[in-house]
Structure formats: C-alpha cells, structure tokens
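Encoded as structure tokens, the structure appears first; notes follow it.
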Ligand SMILES: NC(=O)c1ccc[n+]([C@@H]2O[C@H](COP(=O)([O-])OP(=O)(O)OC[C@H]3O[C@@H](n4cnc5c(N)ncnc54)[C@H](OP(=O)(O)O)[C@@H]3O)[C@@H](O)[C@H]2O)c1
C-alpha cells in the first residue's frame, strides 16, 4: 500500500488530541475517514471543517466501551464506504493514584476502555481486513507501556497489555496480509492530562499515606511539558504506518520518547527505578 488516497480508516478517540490530529492529517492526504468518540458536537464540527460535502469524512458518536456502539460504528462504516482499510485504535485515558487506594471498579473501567474495548473493536474489524487480505491496524500505546511509574501503574499496565496484544495479533494476522503496529507516544500536549485528572483527582487528593508524594508527582508532569510533543508528531507516524510497504512493529515519538525507551533498554532496572521513584 503506498497511498492514503481512498483508504477507508476508522479512528477512535477523534474528538481531541492525537485522534483529531490523525483525522486532520489523513483527511488532508485523501483518506476516507470515519471519526468516533463520545462528544458528538466535537465530531460534527471536525467533520464539517474537514469535508463540508460529507463525502469523505463521516462522524459517528459512540462510547467504545459499549458493544452496541462498536457494532454501529463498523456497520455504518461499511454502509457508507463499503469497505474498511484501517483501524486506528486511539481512544483511551489514564487513571492515576496509588494501587492500594484506587477502587478496583475504577481500574476495571480503565482496562475496559484502553484494552478490552480495543480488542472487541478489533474483533469486529479484523474479519473484513482478513477477507480482503489487506489492511492495517494501528494501536496507540505509550512509552508507559514499557516504563511503569509509581502512582501511574494502573494506566501504565493498560498500555503494557497493549504491547503484548499488538505483538501477538501482528503474528496472527500476518498470514492474511493484514499489518499490525503499535505507536508509543511520549508526553504529548492534548486533553489527556485534563481527562486523567477528571478520572483520578479524587484518588490523588485523598491519597492518605501517599499524600506527601503528590506534589512531586504533579511536578513531574509539569517538567515533562517542557519536552512535550504535538499531536501531529503521532499523526505523522500513523500516516507512515498506513502508507509504507512494511510498517515497523512499533514506533515512538517525539524525541524524548525514544530517549526514555533507549534508557529502558540499556539501564539496569534498579537505576531506572531510581529515576522514576517517588519524591517528596
Ligand atoms: N497525550 C499523551 O501524552 C499520551 C501519551 C501516550 C499515549 N497517549 C494515548 O493516546 C491516545 C489519545 O490520547 P490523547 O493524548 O489524544 O488524549 P485526549 O485528548 O484526552 O483524547 C482522548 C480521546 O479518547 C476518547 N475517548 C476516551 N474514552 C472514550 C470512550 N469510552 N469511548 C470513546 N472515546 C473515548 C476521547 O473522546 P470523548 O471524550 O469525546 O469520548 C478523546 O477523543 C490515548 O490512548 C492515550 O492513552 C497519550
């Protein structure tokens, strides 16, 4: 596959951040895109902006954790465009807080969005790609899928799960001509932090014995902002994965993401833990 033109691409989590940037980039490149997320008003505005004719950009609001919504997304894509060439599994958010304190229901909800729903949507799309013996699945993982940090291990473990899932799925779908890749963003300025705060503030603000470490934890994110990337850094990689002859198993951006992954590779575990440890 060498051109975006005409490819039918489903993008989840397209109402902001990386998904929105990916929608913009792929639409500019001539792809026919289906954008999905829960906030209908955002999707409709984006669809109108990218393609006022409605011929090549299609917005379908839905919650990725809802089976009916997932089925509707795939069915509506096929009704509109009669095929699917790619799925960008991007919808996700992060729950933070000490493992000891965050209720298991909240942890389960994070896995439901970031992992189980991604698997379920992939199960709906894969038969179509397999039958046409072509297509690409791009999973948006994270550097956090390789490096887990204290107070972030719930979100980080969802992204660790995606690492294994993507690797196995790649091997399963390869004989059918379907390509599967993982993108590991570093810190990117999006609405991610706001969404993570909304999901986690009640745990971070009532952290009991972990309270003294909270300021240091939040400061860590503020420091990261200095090296943060732009959502289009990731959208560019999605475009590359959809258009190159043979996508790499995994990609990372921006530069600091590659640097952290390199450190994970070369440093002894204990040294890395000293870098990521809780500080007051
Ligand atoms: N920003 C970073 O630093 C960073 C780093 C590494 C990885 N990532 C990953 O990149 C992906 C995109 O995040 P982002 O940074 O672009 O954050 P974002 O701006 O908060 O975007 C998240 C998107 O996911 C959608 N979403 C969340 N829950 C959903 C649900 N239940 N059903 C449908 N859509 C849902 C949101 O839309 P609605 O609220 O409208 O549903 C939104 O469009 C996530 O998987 C995230 O884990 C981000």
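With the structure loaded, tell me whether residue 142 is buried (at least 18 other Cβ atoms within 10 Å of the Cβ) and in contact (Cβ under 8 Å) with a residue 60 or more places away in the chain or whether it fails that test.
No, not satisfied.
In this structure, is residue 131 in a helix (DSSP H, G or I), at pLDDT 95 or above and surrounded by fewer than 17 Cβ atoms within 10 Å (Cβ to Cβ)? Working first, answer last.
Values: in a helix (DSSP H, G or I): yes; at pLDDT 95 or above: yes; surrounded by fewer than 17 Cβ atoms within 10 Å (Cβ to Cβ): yes.
So residue 131 passes the test.
Of all residues in the range 1-21, which are within 14 Å of residue 59 (Cα to Cα) and outside any loop (DSSP other than H, G, I, E, B)?
Selection gives 8, 9, 10, 11, 12, 19, 20.
Going through the range 54-84 one residue at a time, which ones are away from the ligand (no atom under 16 Å from the Cβ), touching a residue at least 40 places away in the same chain (Cβ under 8 Å) and in contact with a helix residue (DSSP H, G or I) (Cβ under 8 Å, 6 or more places away or on another chain)?
Answer for the range 54-84, where residues must be away from the ligand (no atom under 16 Å from the Cβ), touching a residue at least 40 places away in the same chain (Cβ under 8 Å) and in contact with a helix residue (DSSP H, G or I) (Cβ under 8 Å, 6 or more places away or on another chain): 78, 83, 84.
Of the numbered conditions (1) within 15 Å of the ligand (Cβ to nearest atom); (2) touching a strand residue (DSSP E or B) at 6+ places or on another chain (Cβ under 9 Å); (3) farther than 24 Å from residue 271 by Cβ, residue 144 satisfies every one except a single condition; which is it?
All conditions are met except number (3).
If you scan the range 157-187, which residues turn out to be in contact with a helix residue (DSSP H, G or I) (Cβ under 6 Å, 6 or more places away or on another chain) and surrounded by fewer than 21 Cβ atoms within 10 Å (Cβ to Cβ)?
If the condition is that a residue be in contact with a helix residue (DSSP H, G or I) (Cβ under 6 Å, 6 or more places away or on another chain) and surrounded by fewer than 21 Cβ atoms within 10 Å (Cβ to Cβ), then 160, 161, 163, 176 are the ones that fit.
With the structure loaded, tell me whether residue 182 is part of a strand (DSSP E or B) and within 16 Å of the ligand (Cβ to nearest atom) or whether it fails that test. Outline the logic, then answer.
Details: part of a strand (DSSP E or B): yes; within 16 Å of the ligand (Cβ to nearest atom): yes.
Answer is yes for this residue.
Scan the range 269-277 and give yes if some residue there is within 24 Å of the chain's Cα centre (by Cα), touching a residue at least 12 places away in the same chain (Cβ under 8 Å) and under 30 Å from residue 7 (Cα atoms), otherwise no. Explain how you work it out, then say what you get.
We begin by selecting, within the range 269-277, every residue within 24 Å of the chain's Cα centre (by Cα); these are 276.
Then drop every residue that is not touching a residue at least 12 places away in the same chain (Cβ under 8 Å), which leaves 276.
Add one more test, that the residue is under 30 Å from residue 7 (Cα atoms), and what stays is none.
Within the range 269-277, none of the residues are within 24 Å of the chain's Cα centre (by Cα), touching a residue at least 12 places away in the same chain (Cβ under 8 Å) and under 30 Å from residue 7 (Cα atoms).
Just give me the residues in the range 29-54 being part of a helix (DSSP H, G or I), out of contact with any strand residue (DSSP E or B) (no Cβ under 6 Å at 6 or more places or on another chain) and within 13 Å of residue 19 (Cα to Cα), in sequence order. Before the answer, list the steps.
Looking only at the range 29-54, we keep the residues that are part of a helix (DSSP H, G or I), and these are 40-50.
After this cut, where a residue has to be out of contact with any strand residue (DSSP E or B) (no Cβ under 6 Å at 6 or more places or on another chain) as well, the list is 41-42, 45-46, 48-49.
Passing the criteria: 42, 46.
Which ones in the range 215-238 are more than 16 Å from the ligand (Cβ to nearest atom) and either surrounded by 18 or more Cβ atoms within 10 Å (Cβ to Cβ) or touching a residue at least 40 places away in the same chain (Cβ under 8 Å) (or both)? Talk me through it step by step, then tell me what you get.
From the range 215-238, those more than 16 Å from the ligand (Cβ to nearest atom) are 215-216, 219; that's our starting set.
The answer is 215, 216.
Conditions first: (1) touching a residue at least 24 places away in the same chain (Cβ under 8 Å); (2) within 13 Å of the ligand (Cβ to nearest atom); (3) out of contact with any strand residue (DSSP E or B) (no Cβ under 7 Å at 6 or more places or on another chain). Residue 119 passes all but one, so which condition is the exception?
(2)
Looking at (1) within 13 Å of the ligand (Cβ to nearest atom); (2) over 18 Å from residue 238 (Cβ atoms); (3) under 20 Å from the mean Cα position of the chain (by Cα), which is the one condition that is false for residue 88?
(2)
For residues in the range 91-116 being exposed (fewer than 15 other Cβ atoms within 10 Å of the Cβ) and within 16 Å of the ligand (Cβ to nearest atom), which is farthest from residue 145 (Cα to Cα)?
Within the range 91-116, the match that is farthest from residue 145 (Cα to Cα) is 105.
I'm checking my understanding of the structure. Among residues of the range 145-156 that are in a helix (DSSP H, G or I) and touching a residue at least 24 places away in the same chain (Cβ under 8 Å), which one is surrounded by the most Cβ atoms within 10 Å (Cβ to Cβ)? Break it down stepwise before answering.
In the first step, residues of the range 145-156 are kept if they are in a helix (DSSP H, G or I); the result is 145, 153-156.
Filter once more, keeping what is touching a residue at least 24 places away in the same chain (Cβ under 8 Å): 145, 153-155.
Numbers: 145: 25, 153: 19, 154: 25, 155: 28.
Looking at the filtered set, the residue picked out is 155.
The values are calculated or read from the model by the stated rules, or taken from the named source; none is laboratory data. Just so it is clear, the structure is predicted and the values come from calculations on it, not from any experiment. A quick note on method: Cβ atoms are made from the backbone with ideal geometry, for glycine too, and the neighbour counts reach across all protein chains shown.
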